[in-house]
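Visitor: One structure, as structure tokens, below. Some questions next.
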Amino acid sequence: MSDAAATADKKPHIPVLIRPLIAAVSPVSGTWLDGTFGAGGYSRELIKAGADKVIGVDRDPLAFEMAAPWIGDFPNIEMVEGTFSRLDEYGADLDGVVLDLGVSSMQLDLAERGFSFMRDGPLDMRMSQDGPSAADLVNNADESVIASVLFQYGEERASRRIAKAIVAARPFHTTLQLADVIEKCLPRKKPGQSHPATRSFQALRIAVNNEYGELAQGLMAAERALKPGGLLAVVTFHSVEDRMVKRFFQHRAGKSQSVSRYAPEIEQAAPAFDILTRKAVGPGDEELAENPRSRSAKLRVARRTKAPAEGISEQGMAKTLGMPVVKGMV
């Protein structure tokens, strides 16, 4: 095990919303796919709850290193290195799919991965540890592109001011170097408020890992992979992700609303899902006390019908979901 894996493994890994998730999808049986394996918390709990097999998918090689000491105790978990946007290539006729979106605790807790503005490390943020990094983005992109990334992906209102400061201060090499520049652009943090760099770091991470594109493709892939009666459970951590999942479920459950009452009715495909969570499920007081990182988490669950999967382009689905798009991103 590498030093990074050993360091991460010392931290307790608490699967977010695991109790309400298991309750929502019970009784658990058959073959499930955990599209964001991480530290393996969801996969292990699904096996304990009654799943015959879990296919654990992750694009971060560290996940496989961390699982090495315990995976032998769970012979019914099959690990696959890949992205959940292609999950239908890893399993078919699935009884369930679970997606826990966002950055994992093991990634946040490792300074050398460059996800955290609280620990100094290389400005990286790549989940798969390959391709362009966050440093490549802030050091090479046009000011307008950086501003758009911060606004579209992080909902940062001061995006233009921050982008201008980034361009003036680059090149950047470390997380704290960037966090310091961002912090100076914003009002002083008040007690109880999140760190001033929170939205900007979130935005850069989403851009580097194409998280919204992965989500749009992953939802469509889950529709193709699930058997009739199969369950799709998605845990999100911020409003844009939750809105995309909500719109996907509404669209594929035949509950999409017309933008204008005067617009002609659009013929929709047969509903592919029945929505099981009328409203998103959040953490209870007990979970918030155990795991403060769960405070923004939301769970949505839907059941697959017998209708065929919808043949829709990635661009078409992105428009349906209201996916933020940044022009100029390579």
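Visitor: Share of antiparallel DSSP beta bridges in the chain, in percent to the nearest 5?
Guide: Values: 11 of 29 bridges.
So the antiparallel bridges in the chain amount to around 40 percent.
Visitor: For the pair LYS227 and LYS255, how long in nm is the line joining their label points, each one 7 Å along Cα→Cβ?
Guide: 2.6
Visitor: Another question, then. How would HIS238, HIS173 line up from fewest to most surrounding beta-carbon atoms within 10 angstrom? All intermediate terms of the calculation are to be shown ahead of the outcome.
Guide: Numbers: HIS238 18, HIS173 13.
If I rank by nearby Cβ atoms, fewest first, I get HIS173, HIS238.
Visitor: Let me ask something else about it. List the trypsin sites (Lys or Arg not before Pro) within the stretch 128-209 that DSSP assigns to loop and that have no more than 11 neighbouring Cβ atoms inside 10 Å.
Guide: Numbers: sites: ARG157, ARG160, ARG161, LYS164, LYS184, ARG188, LYS189, ARG199, ARG205; in loops: ARG157, ARG188, LYS189.
Sites meeting the loop and neighbour criteria: ARG188.
Visitor: Quick one: 3J(HN,Hα) in Hz for the stretch 18-24, Karplus 6.51/-1.76/1.60 with θ = phi - 60°, rounded, Gly and Pro as x.
Guide: Result, rounded to whole Hz: 5, 5, x, 5, 4, 4, 6.
Visitor: For SER26 and PHE64, what is the calculated FRET efficiency with R₀ set at 35 Å and r taken between the beta-carbons, to the nearest 0.05?
Guide: Working: r = 29 Å, r/R0 = 0.82.
It comes out at approximately 0.75.
Visitor: Shifting gears a bit: Using the number of other C-beta atoms within 10 angstrom as an exposure proxy, rank TYR212, TYR42 with the fewest first. Numbers along the way, then the final one.
Guide: On the way: TYR212 21, TYR42 27.
Starting with the residue having the fewest Cβ neighbours, the order is TYR212, TYR42.
Visitor: Let me ask something else. Over 27 Å between C-alpha atoms is what I'm after, so list which of LYS298/LYS327; LYS246/LYS327; LYS246/LYS306; LYS227/LYS298; LYS184/LYS319; LYS227/LYS279 land there.
Guide: Details: LYS298/LYS327 29 Å; LYS246/LYS327 25 Å; LYS246/LYS306 21 Å; LYS227/LYS298 24 Å; LYS184/LYS319 36 Å; LYS227/LYS279 24 Å.
With Cα atoms farther than 27 Å apart: LYS298/LYS327; LYS184/LYS319.
Visitor: Also, I was wondering about something else. Show the residues, 5+ positions off or on another chain, whose built amide H is closer than 5 Å to the amide H of ILE55.
Guide: TRP32, LEU33, ASP34, GLU78
Only the coordinates and a few stated rules stand behind these numbers; no lab work does. Only a predicted model underlies this, so the values are computations on that prediction, with no experimental measurement involved. Positions of Cβ are generated from backbone atoms using ideal geometry, with glycine treated the same way; all protein chains shown enter the neighbour counts.
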